[in-house]
Amino acid sequence: MARKVANFDELNIFDYFSEMDLPQEEIDKRIVLAQMIKDSYRRLFVKERARKAIRSDADLDYQVFEDYLVEEYFDILKKNGIEVDTYTKEYVEFVAKEVTDTTQKHWSEEHTLSDARAVEIAVNDANVVLNHERDERAKASGKKYKVWHTEMDDKVRETHSESEGQRVPIDKPFTVGFSQLMYPCDTSLGADPSEIIGCRCVAEYQ
């Protein structure tokens, strides 16, 4: 059965994950998770665009904004059967604070409350969370090594192309550019955001 794509934003999400070298079941899981995260941000941004239309200053209670995001993330993860372990909890709290701070600083800019930004955040966060889950599952199954793979196309950034085929023990990080990552999109070792955002690379576990 052909997949029905409801709108341009969902098309972006579908195309992004469909390019990744993963089993279809995992791709579908990322699409569903990203769509739910996107919808949550879209609801929040629509509300804020309405508030913005009737006021001249950004007097939003940003703690309420941040707390809302944390609660929404945890609810979405629970609905998708994703365990909220220490890494995931810390990531959710981190991204909620980052999104809140950026929204506050750039509140007057059109992109800040746009559907496009909601999609950008959603695809990245779905990758971060599910790459972590995939790594934990590989370790639990007894895998010993992992290999970094890119999509081998002209959209792959140079530092990731240079990492193609890099093989390391499962408990050691990959070196990508000047950053270290336990797996693609890993944030635990302080990798530069430029090595995480928009990444379509995957780890092959052996």
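Just one of Met36, Met20 is under 15 Å from the mean Cα position of the chain (by Cα), modelled with pLDDT of 90 or more, farther than 22 Å from Ala203 by Cβ and aliphatic (A, V, I, L, M); which is it?
Of the residues listed, the single one that is under 15 Å from the mean Cα position of the chain (by Cα), modelled with pLDDT of 90 or more, farther than 22 Å from Ala203 by Cβ and aliphatic (A, V, I, L, M) is Met36.
Does Glu136 satisfy the criteria of being open to solvent by 60 Å² or more (accessible area, probe 1.4 Å), at pLDDT 95 or above and touching a His at 6+ places or on another chain (Cβ under 7 Å)?
In short, no.
If I go through the stretch 165-194 residue by residue, how many of them are closer than 18 Å to Asn127 by Cβ, open to solvent by less than 50 Å² (accessible area, probe 1.4 Å) and in contact with a strand residue (DSSP E or B) (Cβ under 9 Å, 6 or more places away or on another chain)?
Number satisfying all stated conditions: 10.
Please work out which one of (1) surrounded by fewer than 16 Cβ atoms within 10 Å (Cβ to Cβ); (2) modelled with pLDDT under 95; (3) closer than 30 Å to Pro184 by Cβ; (4) not aliphatic (A, V, I, L, M) is the condition Glu25 fails and give its number.
(2)
In the stretch 100-114, how many are open to solvent by 50 Å² or more (accessible area, probe 1.4 Å) and in a helix (DSSP H, G or I)?
So the answer is 5.
Do any residues in the stretch 177-189 that are touching a residue at least 40 places away in the same chain (Cβ under 8 Å) and hydrophobic (A, V, I, L, M, F, W, C) have Cβ atoms under 8 Å from those of residues that are surrounded by fewer than 16 Cβ atoms within 10 Å (Cβ to Cβ) and assigned to a loop (DSSP other than H, G, I, E, B), where the two are at least six apart or on different chains, and which pairs are they?
What qualifies is Met182/Ser188; Met182/Leu189.
Which is in a helix (DSSP H, G or I) and touching a residue at least 12 places away in the same chain (Cβ under 8 Å), of Val147, Val128, Val64?
Only one candidate qualifies: Val128.
The values are calculated or read from the model by the stated rules, or taken from the named source; none is laboratory data. These numbers come from a predicted model, not from an experiment. Cβ sites come from the backbone with ideal geometry, for glycine too, and all protein chains shown count toward neighbours. With ligands, DNA and RNA removed, areas are computed over all heavy atoms of the protein, side chains included. Shrake-Rupley method; radii C 1.70, N 1.55, O 1.52, S 1.80 Å.
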